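The values are calculated or read from the model by the stated rules, or taken from the named source; none is laboratory data. Remember, predicted model here, so these are calculated numbers, not experimental data. All Cβ positions, glycine included, derive from the backbone under ideal geometry; neighbour counts span all protein chains shown. Heavy atoms of the whole protein, side chains included, go into the accessibility calculation; ligands, DNA and RNA do not. Shrake-Rupley method; radii C 1.70, N 1.55, O 1.52, S 1.80 Å.
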Amino acid sequence: MKISMHVNDKLHSVDIYDENTPLLWVVRDILDLKGTKFGCGKAACGACTLLVDGEAVRSCSYAVKFANGKHITTIEGLGTKEDPHPVQQAWIEEVVPQCGYCQPGFMMATAALLNKVPNPTDDDIDKNIINVCRCGTYYRMRKAIHRAAELNASEASSTTQNS
């Protein structure tokens with residue numbers, strides 16, 4: 001089966017033997033984008049979170065057949081080293097990662113949250129960011145999510161002023 005999808009704003013067409021192959025393995029093994037991590041394989045931990053048409057999706061349990069025609073964003077497509085996404089910038093400023101393994105999934109879930117709720121409360125964060133971090137960096141992540149919201153607002157304000 002041929003699957004076509006835009007991954008990080010680039011059109012990819014891949015031949016897949018099994019249309020139920022998890023999107024995670026297509027992204028990692030066929031497209032060679034290793035930032036999205038395998039965690040539990042049961043959509044419970046969130047390490048594999050990426051965006052499908054702007055929505056946070058646990059890619060370990062998302063069959064690639066559902067990605068056909070969709071826009072996928074991985075951590076590699078969120079921002080760049082030279083121009084990080086506000087979520088990535090906030091993660092840097094707040095020195096969030098400890099081991100770092102789960103952090104791409106948390107950042108992708110946060111980007112999806114901020115698209116829906118630009119200025120989340122702690123309750124919004126608790127209800128929407130349900131990934132798991134074995135190192136327990138939740139306090140720093142919460143600070144980073146609030147910081148990312150500030151950076152987003154500042155970026156939006158400067159864009160509006162420059163228009």
Acute angle (nearest 10 degrees) that the helix 138-162 long axis makes with the longest principal axis of the chain, alpha-carbon atoms: 80 degrees
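Roll a 1.4 angstrom probe over the protein heavy atoms and tell me the percent of accessible area of the chain that is carbon or sulfur.
Reported share for carbon and sulfur atoms: 50 percent.
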Viscosity 1.567 mPa s, temperature 4 °C, Stokes-Einstein D of the range 2-78 from Kirkwood C-alpha radius, µm²/s: 108 µm²/s
Under Karplus coefficients 6.51, -1.76 and 1.60, residue-wise ³J(HN,Hα) of the range 84-98 in Hz, glycine/proline x: x, 4, x, 5, 5, 4, 5, 4, 5, 4, 8, 6, 6, x, 9
Structure-based [θ]222 nm, the chain - -39500 (n - 2.57) summed over DSSP H runs of at least 4, per residue, nearest 500: -11000 deg cm²/dmol
Span from the the range 7-34 Cα centroid across to the the range 70-88 one, whole angstrom: 18 Å
Partners for K2 among aspartates and glutamates (Cα-Cα distance below 20 Å; same-chain residues under 8 apart left out): D15, D18, E19, D29, D32, D53
Whichever lysines have a C-alpha closer than 21 Å to that of K127, once near sequence neighbours (fewer than 8 apart) are set aside: K42, K116, K143
The range 86-162: C-alpha gyration tensor shape, a/c 1.5 cut-off, then a/b vs b/c: prolate
Length-normalised contact order of the range 36-163 in % [C-alpha pairs under 8 Å, at least 6 apart]: 28 percent
Net charge over other residues, Cβ less than 12 angstrom from the Cβ of D122 (K, R count +1; D, E count -1): 0
GNM result for the chain, Cα springs below 10 Å: residue of K65, K127, K42 fluctuating most strongly: K127
Furthest towards positive pole of dipole, N152, M107, V117, structure part the range 86-162, Cβ charges: M107
Residue list for the range 36-57, given a label point 7 angstrom along the Cα-to-Cβ vector of K127 and an amide N cut-off under 17 Å: 56
Solvent-accessible surface ranking, highest first, for R58, R142, R134 at 1.4 angstrom: R134, R142, R58
Probe 1.4 Å, protein heavy atoms only - accessible area per residue of the chain in square angstrom: 54 Å²
The range 26-71 pair-distance distribution - Cα-Cα, 10 Å bins, rounded %: 28, 61, 11
